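Data first, discussion second: the structure below is written as C-alpha cells.
Nothing in this text is a laboratory measurement; each read-out follows from the coordinates by a stated rule. All figures in this text were calculated on a predicted structure; none of them were measured in a lab. A quick note on method: Cβ atoms are made from the backbone with ideal geometry, for glycine too, and the neighbour counts reach across all protein chains shown.
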Amino acid sequence: MSDLINGAHSNDDERMAQYKKDMASAEAALNKLQDAIDNIDEAQLDQLKSLNNWVAEQGFCQGALEPLFPQNEPPQGFDIDLVWREGLGNGHSQPLAVLLNRDDAFLSSAIDTGFLCFSSVEDFQDYSSCIVID
C-alpha cells in the first residue's frame with residue numbers, strides 16, 4: 001500500500017514540476033511578446049490603419065491588424081501587418097497581406113503559406129483597384 005501511495009505522490013510531483021516549467025515558458029513568451037508590442041513602429045501602424053480605412057471606402061472588407069507568423073512562430077521582433085486571411089471581400093481572392101519593413105526571407109515564407117504579399121501600400125492599392133467584387 002505504501003508503494004501505491006509513494007508512486008502516486010511521485011506522479012504528482014512530476015506533474016507539478018512540468019506545470020511549473022510550462023508556466024515559466026509561457027510567462028517568458030508573454031514577456032517577449034509584450035516587449036515586441038511595446039516597440040511597434042507607430043508611424044507604420046498609422047499607415048496601415050489609414051490603408052484599412054481606404055480599403056473600406058473602396059467597398060472591401062477591412063483587414064485585420066495583426067502580426068503574421070508564416071511559420072506559426074514569432075520571430076525575435078515583429079511588426080504589425082494588415083492581413084486578409086479570407087481575401088478581399090471574404091473569399092473573392094486569395095489570402096492577402098501588407099507586410100511593411102519585412103525582409104525577403106519573411107516575404108518568401110508568407111508567400112509559401114499561400115498569402116499574396118505586398119511590401120508597400122501603393123502596390124497593394126494598385127492591386128486592389130483592379131479587383132471587382134460582384
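Each of Y19, Y127 has some number of other Cβ atoms within 10 Å of its Cβ, and from fewest to most they run Y19, Y127. Counting 0.36 nm for each residue step from D112 to A28 and taking away their Cα separation leaves a gain of 27.3 nm. Projecting label points 7 angstrom from Cα along Cα→Cβ for V121 and D13 puts them 6.1 nm apart. Phi angles of region 106-113 translate, via the Karplus equation with coefficients 6.51, -1.76, 1.60 and θ = phi - 60°, into HN-Hα couplings of 5, 4, 4, 5, 5, 5, 4, 8 Hz per residue; Gly and Pro are given as x.
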